[in-house]
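Worksheet for the structure shown next.
What follows draws every value from the coordinates through simple rules; no lab data is involved. Note that the structure is predicted; figures quoted are calculated from it, not measured.
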Amino acid sequence: MAPPLRTTSAIATALSIALLSYLLCKKTRSKASSKKTPKTLSVKKARNGLVAAIGNTPLIRINSLSDATGCEILGKAEFLNPGGSVKDRVAVKIIEEALESGALAQGGIITEGSAGSTAISLATVAPAFGCKCHVVIPDDAAIEKSQILEALGATVERVRPVSITHKDHFVNIARRRALEANQVALKHGKGNQNEYLDVKQINGYTSDSGKQDPIFYSDCKGGFFADQFENLANFRAHYEGTGPEIWDQTGGKLDAFIAAAGTGGTVAGVSCFLKEKNANVRCFLIDPPGSGLFNKVTRGVMYTREEAEGRRLKNPFDTITEGIGINRLTENFKLAELDGAFRGTDLEAVEMSRYLLKNDGLFLGSSSAMNCVGAVRVAQALGPGHTIVTILCDSGMRHLSKFYDVGYLSKYGLMPSAVGLEFLGLK
Ligand SMILES: Cc1ncc(COP(=O)(O)O)c(C=O)c1O
């Protein structure tokens, strides 16, 4: 039987009231949540932003080298960091510590003298901290590095490579630029008005910049010299990050670690952490041509007579590898806990890079290739059955104009020709 008309219209009224209140309710709910959205988003942003994507890189088994040596050779894939290298960790740590201490003002300029990777990492992460980046780079570094820096929004100065004792070494110029930025900020009343902006002193150095025109604008909020070579934030990035990650990823089951050193931050931070966990983990350096560190580790002296500091330029043709090898002892390297060192040649690094490309699909930069040469040297020294970890610092993409350029390599007699690993005495 059909319901009476009154009942039908009552049901219809009740339904429309229910629908109306549902819609009203929904609107109110969505209003409340849309009020909440920005808050939720900003928390999420802070948690999941670029900085949080740095580190926790995979530890890759390098199959070809492991199979050839009978060891487990593992590479920490640092080229997968957002800024493309191991230096992302260092950049974040340097900026975080400087902001926390007040040495760097919000919106200030981080200056660095770097052959590339650290500068690229600083330029990549600086905006995430609301800061800017000014880079002084030797003009023999691959051109794509300064192109990337400029594309990232950093200001770049390319200068002739000279001895570190020269006032115009790129590191010394970068230090001066931080002081100049502070002078500009003080003059215009910007930046932190605190002890760190003493124009005469920053990071322990005194400026002689009086003769130079300032290159920073009047809205400049001051500068901070990142000083990756001496700033121990570099060491801490690896002691607190890379080292513990390697320990966790191997379940503490590793026999050796090897890496080349530029600033020494990686090898020092990782070796200190691993040795603290297990003193039996052996840590080694692989040193490229032209570097004094092999001598330092194996004989306790950094220089031969003719290599006395200040008398010898870091000749750009000592090695074609970039970012590694040095002729002075940095504060970071001094903390390294090493059991020994190996020497690697440029040709070995070139051959290794092509071997890994062919056999593993790994397209690596020159320092990573040198590290892998080192890993094989350790495997040969320890014998089969050991687990050896090294660092895959950056990708081959940044090395197209030199390390992967046929014309460049043939000019220096470094054309690869190996079929397998015969260049390291293996089949
Ligand atoms: C590409 C690359 N690999 C390796 C290194 C060496 O690392 P560290 O400075 O921690 O010794 C550097 C340093 O600048 C680098 O740029």
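Structure data summary
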item: Subset of 145/221; 76/296; 76/132; 87/296; 93/132 violating a 21 Å alpha-carbon distance limit; result: 145/221; 76/296; 76/132; 87/296
item: Residue-wise HN-Hα coupling along the stretch 56-73, computed from phi with Karplus coefficients 6.51, -1.76, 1.60 (Hz; x: Gly, Pro); result: 6, 7, x, 9, 8, 7, 8, 4, 4, 6, 5, 5, 6, 9, x, 10, 8, 9
item: DSSP beta bridge pairing in the stretch 253-403, given as percent antiparallel to the nearest 5; result: 10
